[in-house]
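A.B. asks: Below you will find the structure I want to go over with you.
Nothing in this text is a laboratory measurement; each read-out follows from the coordinates by a stated rule. Note that this is a predicted model, so its numbers are computed, not measured. Glycine gets a Cβ as well: all are built from the backbone with ideal geometry, and neighbour counts include every protein chain shown.
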Amino acid sequence: MARFTVAVNPRVFDKASGEWRDGDPSFYNCTAWRQLAENATESLSKGVRVIVTGTIAQQRWETDQGEKRSTFAVTAEAVGPDLLYATATVRKTVRASNDTVGSDDPWATASPNRPVPAPAPGVDRRGPAGAEPAVRAARPARDTPPVPASFDDEPPF
């Protein structure tokens, strides 16, 4: 897991002076998980302009003095450098195969099959009155046009 804060500093045009100035900054607490967290930690550093996409949520709480507070938090789905202000060299990460013993990736050794829960006592999964399960009908074949044995030089339109 990687936690970082992103500051958003808008530029605002001041009509009175006719100049651009910095607006009020907003700060967003971001959390990245698993491989994204590792890659972001290795690739980015403090002060680098980044682009973050993800899910934003408002978190609310009350202080011991009874004051209501809130903040915005982002669960990052993608993080990268802003290429308007920097260059980047992309290297694809190499994933360990599933049969590697001692892999540092806990997800590499996870079972692809979920365990099936045991039926509750007295529950018959065959349906009402112990009937056999219904047989699923096969899907009807799609109507596809026949493939011509030879092709003309003319397009079909």
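A.B. asks: Report, ordered by chain and residue number, the lysines lying within cross-link reach of Lys92, taken as a straight Cα distance under 25 Å and ignoring same-chain residues fewer than 8 apart.
C.D. replies: Straight-distance partners of Lys92: Lys46.
A.B. asks: Out of residues 5 or more away from Val50 or on other chains, whose amide H comes under 5 Å of its own, with H placed 1.01 Å from N in the peptide plane?
C.D. replies: Asp82
A.B. asks: At a 10 Å Cβ-Cβ cut-off, how would you order Trp33, Trp61, fewest neighbours first? Please report the intermediate quantities before stating the final value.
C.D. replies: Working: Trp33 12, Trp61 9.
Going from least to most buried by this count: Trp61, Trp33.
A.B. asks: In nm, to one decimal, how far is the modelled label at Phe72 from the one at Thr87, with both set 7 Å along Cα→Cβ?
C.D. replies: 3.3
A.B. asks: Only sites in a loop by DSSP and with at most 16 other Cβ atoms within 10 Å count here; which trypsin sites (Lys or Arg not before Pro) in the range 10-99 make the cut? Before the final figure, lay out the partial values.
C.D. replies: Numbers: sites: Arg11, Lys15, Arg21, Arg34, Lys46, Arg49, Arg60, Lys68, Arg69, Arg91, Lys92, Arg95; in loops: Lys15, Lys46, Arg49, Arg91, Lys92, Arg95.
Qualifying residues, ordered by number: Lys15, Lys46, Arg49, Arg91, Lys92, Arg95.
A.B. asks: With the cut-off at 14 Å, report for the range 2-81 the share of all Cα pairs above it, as a whole percent. All intermediate terms of the calculation are to be shown ahead of the outcome.
C.D. replies: Details: 2179 of 3160 pairs.
More than 14 Å apart: 69 percent of the Cα pairs in the range 2-81.
A.B. asks: Can you tell me the FRET efficiency between Glu19 and Val94 if r is taken as the Cβ-Cβ distance and R0 is 35 Å, rounded to the nearest 0.05? Please list the in-between numbers first.
C.D. replies: Values: r = 50 Å, r/R0 = 1.43.
The pair Glu19/Val94 has a calculated efficiency of 0.10.
A.B. asks: Averaging over every viewing direction, what projected area does the convex hull of the Cα atoms of the range 12-58 cover, in nm²?
C.D. replies: Values: hull surface 20.3 nm².
For the range 12-58, the mean projected area of the Cα convex hull comes to 5.1 nm².
A.B. asks: Considering only the range 2-81, what is the antiparallel percent among its DSSP beta bridges, to the nearest 5? Each step should come with its number before you reach the end.
C.D. replies: Numbers: 24 of 27 bridges.
Counting DSSP beta bridges with both partners in the range 2-81, the antiparallel share is about 90 percent.
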